[in-house]
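Worksheet: one structure, shown below.
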Amino acid sequence: MSYVKGLRCRECGKTYAVAPRVVCDCLAPLEVVYDVEGWKRTMTREKIASRPPNMWRYHEFLPLEGEPTCSKSVGFTPLVEAPRLGEILGCRKLWLKNDSVNCPTLSFKDRVVAVAINKAIEFGFKTVACASTGNLANAVAAHAAAAGLEAYVFIPDDLEEAKVLGSAIFGAKLVKIRGNYDAVNRLCSQIANDYGWGFVNVNLRAFYGEGSKSLAYEVAEQLGWRTPQAIVIPMAGGSLITRVGKAFGEMAEIGLIERKPFKLLGAQATGCSPITVAVKRGNPEFEPQKPSTIARSLAIGSPADGYYAARSIMNSGGAGEDVTDDEIVGGMKLLAETEGIFGETAAGVTVAVAQKFFKQGKIRPDEETVLCITGNGYKTLDAVQGKLDLGITIRPRLEEFEAAVPRAGQQVPVTN
Ligand SMILES: *Cc1c(COP(=O)(O)O)cnc(C)c1O
Ligand SMILES: [Zn+2]
């Protein structure tokens, strides 16, 4: 049984039946409308908590008609306390939502693709496709392979090697475009209508975005059915941060959690910061940029949900901030050295931006704060290449080791 009522234009309010569709006739994006009264009648904490630990424990809040038929093990990633990082940032109550271990492709994009692929199957598409900065391509390629669909992934031609190979391994057809993501996306908008393919972030975009909400439901449940006071989220197209705000609002509206204020805090790289610049100016109408940053997964100069992301941040009393490439690498190292989590460049953005927010007083030390770690560092090794201490090389001889590492007294007395 489905709680989906249809699609509605975010601007003019025109409604449409559930179908693959790029935008409204007025060119504004579409959103999914649900039976909120139905949620209120039927959804309880107990019902959700009794289900298996994956994102489908919230399936009534996602836009499928029936049960999911593939991508069943996505989500319910760990929410871990981060006291050592918190001490350095100046935060007494810090958590990390660790989507760098999401299943199967190690980024939060597994959530959005899980919904989009299931929706593509419901609609009867045989081929799925996407315009991607890397992680989305990996997820589409993997989920399509497991569902037995053909996949075409469109990517900029200068992506990290691990992200290219991480799509090719699944047998997806790669189309590398000489240009940045925004050029890739423009081409895909032209192709989507002609080829009869399910483009997860073009003609399935209204459904795809909804998958992001599952991250927020999980955070609230894992905190003991409440929202954090602050949540720091990396932004590319601006979909994730917008949907996190929407999901917390939905939970409060139907009484799953108490309605309390939460600040949405957006993080970008300085080399691609259209949304944070707009927030700092106090006007959600962003100016497109030409991206230049090592945080390639976030390098979208003309973000599709940028306006809504900026507006959500401003309405929540949050803030936006951006960091340089050096600060991004610093953030990646800090996260790894304090909490043992190797996040990708986007995680470096999130950690380094969070550090700025605490310094600026935009998040206070006693505010319960969640940082969203959205992708895995093993996919962006290029970013730390040449920037880490790789240690020493010696022959297998005790005297060489003793010369290289002087003994500084026994730490723990050992008898042998
Ligand atoms: C896509 C992506 C994001 C942001 O996603 P949007 O919803 O487009 O803002 C954040 N982190 C990583 C690692 C991503 O791949
Ligand atoms: Zn419209």
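Read the figures in this text as sums done on the coordinates, not as results from a lab. Just so it is clear, the structure is predicted and the values come from calculations on it, not from any experiment. All Cβ positions, glycine included, derive from the backbone under ideal geometry; neighbour counts span all protein chains shown.
Does Arg41 satisfy the criteria of being free of Cβ contacts under 8 Å to residues at least 12 places away in the same chain, away from ligand 2 (no atom under 11 Å from the Cβ), closer than 29 Å to Val140 by Cβ and more than 23 Å from the chain's Cα centre (by Cα)? So Arg41 does not fit the description; no.
Residues are listed down the side, and each one gets a yes or a no for (1) within 16 Å of ligand 1 (Cβ to nearest atom); (2) touching a Cys at 6+ places or on another chain (Cβ under 7 Å); (3) among the β-branched types (Val, Ile, Thr):
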| residue | (1), (2), (3) |
| --- | --- |
| Val323 | yes, no, yes |
| Lys333 | no, no, no |
| Phe358 | no, yes, no |
| Gly361 | no, no, no |
| Pro365 | no, yes, no |
| Ile373 | yes, no, yes |
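Just so you know, in the range 1-34 the residues that are in a strand (DSSP E or B) and among the β-branched types (Val, Ile, Thr) include one that is farthest from Tyr208 (Cα to Cα), and it is Thr15.
Considering only residues in the range 164-198 that are closer than 20 Å to Gly301 by Cα and charged (D, E, K, R), the one that is surrounded by the fewest Cβ atoms within 10 Å (Cβ to Cβ) turns out to be Arg178.
Of the residues making up the range 107-159, those that are over 15 Å from the mean Cα position of the chain (by Cα), of a type in the set (D, E, K, R) and either within 16 Å of ligand 2 (Cβ to nearest atom) or farther than 15 Å from Ala206 by Cα (or both) are Lys126, Glu150, Asp157, Asp158.
With the structure loaded, tell me whether Pro261 is within 30 Å of Ser189 (Cβ to Cβ), in a loop (DSSP other than H, G, I, E, B) and either of a type outside the set (Ser, Thr, Tyr) or within 16 Å of ligand 2 (Cβ to nearest atom) (or both) or whether it fails that test. So Pro261 fails the test.
With a requirement of 3 or more residues that are of a type in the set (A, V, I, L, M), the strands (runs of 3 or more DSSP E) lying completely within the range 45-148 that satisfy it span 127-131.
Taking the range 280-304 as the search range and keeping residues that are part of a helix (DSSP H, G or I) and within 14 Å of ligand 1 (Cβ to nearest atom), which one is surrounded by the most Cβ atoms within 10 Å (Cβ to Cβ)?
This residue is Leu298.
Taking the criterion of being touching a residue at least 12 places away in the same chain (Cβ under 8 Å), away from ligand 1 (no atom under 13 Å from the Cβ) and not in a strand (DSSP E or B), the residues of the range 215-240 that qualify are Tyr217, Glu218, Val219, Ala220, Glu221, Gln222, Leu223, Trp225, Arg226, Thr227, Pro228, Gln229. Kindly establish whether Asp157 is surrounded by fewer than 24 Cβ atoms within 10 Å (Cβ to Cβ) and touching a strand residue (DSSP E or B) at 6+ places or on another chain (Cβ under 8 Å). Yes, satisfied.
Quick check: anything in the range 162-177 of a type in the set (Phe, Trp, Tyr) and more than 20 Å from the chain's Cα centre (by Cα)? Yes: the range 162-177 contains one or more residues that are of a type in the set (Phe, Trp, Tyr) and more than 20 Å from the chain's Cα centre (by Cα).
Summed over the range 11-52, residues that are surrounded by 12 or more Cβ atoms within 10 Å (Cβ to Cβ), under 30 Å from Leu79 (Cβ atoms) and of a type outside the set (Ser, Thr, Tyr) total 13.
Number of residues in the range 247-258 that are touching a helix residue (DSSP H, G or I) at 6+ places or on another chain (Cβ under 7 Å) and outside any loop (DSSP other than H, G, I, E, B): the value is 5.
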